[in-house]
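*Asks:* Please find one structure pasted underneath; my questions will follow.
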Amino acid sequence: MSSIFYGRTSDESLVRQIIDVTQPYFTLKPGHVREAASRAVGFRTHASLVAHREKHVDWMPCAFNHAGFVERLSELLDRDATAYASGVLIEGITLRIEIVKLPPERQRADRYTDVQYAVEVELKGLPDEIRARDNRFVLPEFFSKKRELYGVDSNWNYRVDSGEDAPRRSNGNGKGLTAKLVDGKWSGGLFIYVSEHQRNDESCLKSVRSALARAILPVVTSGVHCNICRPYNYDFGAWRVQLTLGPDAIAAIGNGGLTFDIPTLPKRRLHGDRDFLFAGPYQGQFINGRWMGTLYTNGVAEAENPTSLAECRRSLLRAAYQSLEKAGWQFVSRMPLG
């Protein structure tokens, strides 16, 4: 795994590097990045890092814990997906998203009132193992007060027919939301439905770029990816969960497999699928780098559950990384000291 880090890195230059590499898609607050980066270099808070520097003025970080950075950043952000996407950019993956408005002769104005754009996505710097595997993601939706402002759809060769239990569009047309990368690429269309965004598309295009980055980037992490989604035929409060190991983690555990303690979550029930259980219902096992289960709200309506899906995701990832560490693998980048 490569990373963005270069040269002799102080804590403030580290913060600047992270903000610079994520800036095209996300606006991260320096204070949030400081806290997350402090966790990544071994400190619980930025204040404890500052206190350490005062006592050890020549100290420089030598390793960056990606899992620690992403977990802490996800605690600080309103959208935890931004943290996971930012983490992949920090791994050294480059994302290109191009959105181009179609010329008038291709707008189908005789049949439709929307305005259409072509969208192309390309990821560079992917390890060969990740590029070659089946990388699926869920397309974002864009609603305000139950009105769809604009939407994205895949070109035919990037669509996935995932069956009846796959996520489907909220507008009721029955179309699936699952898409896939092909050789690190995806393409599709953007359709703007409301007149205010048709007249001025700046905020729309910015929103779509950020949303696609959140949807696509976490899937290609070299660490562990956790996907929690509600299939079409599931009630609100029931969710499918999948953990996927990156190639470095799979190589580290070899043929021995990996087991982990399924976390206990307040007001939640988390059940591993039968094949993914090991020695009872409280211990999961990865099969071919993957674990699957179902998550439910328990004793309270989903909308009132004090244990958010974001916290469920953090707990699952924490359990997986703890088991990987016991197996001898840590999700870290060595940082140059000179």
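*Asks:* Starting from the Cα coordinates of the stretch 279-338, work out the convex hull volume and express it per residue in Å³.
*Replies:* Enclosed volume per residue, from the Cα hull, is 142 Å³.
*Asks:* Just going by the charge dipole of the stretch 190-338, with Lys and Arg at +1 and Asp and Glu at -1 on Cβ, which of Leu245, Cys204, Trp329 is farthest out on the positive end?
*Replies:* About the Cα centre, the residue reaching furthest to the positive side is Trp329.
*Asks:* What number, in nm² with one decimal, is the all-direction average of the projected area of the convex hull of the alpha-carbon atoms of the stretch 27-184?
*Replies:* Numbers: hull surface 53.6 nm².
Taking a quarter of the hull surface, the average projection is 13.4 nm².
*Asks:* Angle check, please: helix 309-326 long axis (alpha carbons) against the longest principal axis of the chain (alpha carbons), in degrees 0 to 90, nearest 10.
*Replies:* 40 degrees
*Asks:* Quick one: which residues, 5 or more positions from Tyr150 or on another chain, have an amide H under 5 Å from its amide H? H modelled 1.01 Å from N in the peptide plane, none for Pro or chain starts.
*Replies:* Placed amide hydrogens put Phe142, Tyr193 under 5 Å from Tyr150.
*Asks:* Can I ask one more? Let's see if you can work this out: charge +1 on each Lys and Arg Cβ, -1 on each Asp and Glu Cβ, no other charges. What is the dipole magnitude of the stretch 189-238 about its Cα centre, in debye to the nearest 20?
*Replies:* 120 debye
*Asks:* Moving on to the next point. Which aspartates and glutamates have a Cα lying under 20 Å from the Cα of Lys180, excluding residues fewer than 8 positions away in the same chain?
*Replies:* Qualifying aspartates and glutamates at Cα under 20 Å: Glu98, Glu120, Glu122, Asp128, Glu129, Asp134, Glu141, Asp153, Asp161, Glu164, Asp165.
*Asks:* Quick one: how many Å² of Val15 are accessible to a 1.4 Å probe, rounded to 10?
*Replies:* Looks like 10 Å² after rounding.
*Asks:* OK, next. Taking only C-alpha pairs under 8 Å that are 6+ residues apart, what is the relative contact order of the stretch 243-302 in percent?
*Replies:* Taking the mean separation of contacting Cα pairs over the length of the stretch 243-302, I get 39 percent.
*Asks:* Magnitude of the Cβ-charge dipole of the chain, K/R +1 and D/E -1, about the Cα centre, nearest 20 debye?
*Replies:* Around 240 debye, computed over the chain.
*Asks:* Leaving ligands, DNA and RNA out of it, report the carbon-plus-sulfur percent of the accessible area of the chain at a 1.4 Å probe. Write out the running numbers ahead of the final one.
*Replies:* Details: 8140 of 17100 Å².
Roughly 48 percent, rounded to a whole number.
*Asks:* Same structure, new question: Compute the signed sum of charges (Lys and Arg +1, Asp and Glu -1) over the other residues within less than 11 Å, Cβ to Cβ, of Gln198. Intermediate values should be presented prior to the final figure.
*Replies:* On the way: positive: Lys101, Arg199; negative: Asp114, Glu196, Asp201.
Charge balance near Gln198 sits at -1.
*Asks:* Treating the chain as a set of equal point scatterers at the Cα positions, no solvent, please give the Debye-formula log₁₀ I(q)/I(0) at q = 0.09, 0.11, 0.15 Å⁻¹.
*Replies:* Taken in order of the listed q values, log10 I(q)/I(0) reads -0.52, -0.78, -1.37.
*Asks:* With r defined as the distance between the Cβ atoms of Ser308 and Met60 and R0 fixed at 30 Å, what FRET efficiency is calculated, to the nearest 0.05?
*Replies:* FRET efficiency, Ser308 to Met60: 0.25.
*Asks:* Oh, and also: Quick one: Cα centre-to-centre distance for the stretch 272-327 and the stretch 83-125, in angstrom?
*Replies:* So the two Cα centres are separated by 33 Å.
The values are calculated or read from the model by the stated rules, or taken from the named source; none is laboratory data. Given the structure is predicted, the values throughout are model-derived calculations rather than measurements. Virtual Cβ from ideal backbone geometry, glycine too; neighbours counted across all protein chains shown. Remember, those area values only see protein heavy atoms, side chains included, never the ligands or the DNA or RNA. Shrake-Rupley method; radii C 1.70, N 1.55, O 1.52, S 1.80 Å.
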